[in-house]
Each structure stands twice: as structure tokens, then as C-alpha cells.
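A short worksheet on the structure shown next.
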Amino acid sequence: SRKRQSDIYVFCLLACKDQDAIQPTDASQWIFYALPTKVLDEQKPTAKTISLSALTKLPVIECSFDNLRRKIDELANKI
């Protein structure tokens, strides 16, 4: 049977709107969304992709790069 292989998914969005200022290597321009796989399995069991609007309707944790590790650690401790 097919199943998702990770415990936590991290989705990333390059959020800079100014085309002249975009620097993909600048982590401060990104927004990160962390979500336990269990939630995806319960809410979107057959989905292979997800839109930002669908993702943000889930109990996702939004954070900056600076807080990403702490948020992932918090999620991992709950699993």
C-alpha cells in the first residue's frame, strides 16, 4: 500500500512580492508551513499536491526560517 514516508511535512513559499527584490537564497523572504503527516493523512488522504489556500485551512504552523527548527522540534515531540 502507498503511504507518506515522513512524519512532518514542511511547505515553503517565496513570499517576496517585489520582482526586483526577489532573492531566493535569502531565507527571510520565505514563509514556511509545518504540518504533521497525520493531519494530511486524515484531511487529504489521496492528495498528491496541495494549494496554498487548502494548506492554510489545515492546522498548519506558519513560521519564518529562524523559527523553523524550533517549530519542527515542537511538532516532533507531540508525535
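Those residues that are in a helix (DSSP H, G or I) and either in contact with a helix residue (DSSP H, G or I) (Cβ under 7 Å, 6 or more places away or on another chain) or farther than 24 Å from Ala27 by Cα (or both), I need them from the range 38-69; list them, please.
Residues satisfying the conditions are Lys38, Val39, Leu40, Asp41, Glu42, Gln43, Phe65.
Residues considered: Gln29, Gln23, Gln19, Gln43. Of these, the only one that is loosely packed, with under 10 Cβ neighbours inside 10 Å and not charged (D, E, K, R) is Gln19.
No value in this document is a laboratory result; all are computed from the given coordinates. Source: prediction; values computed, not measured. Glycine also receives a Cβ, built like all others from the backbone with ideal geometry; neighbour counts cover every protein chain displayed.
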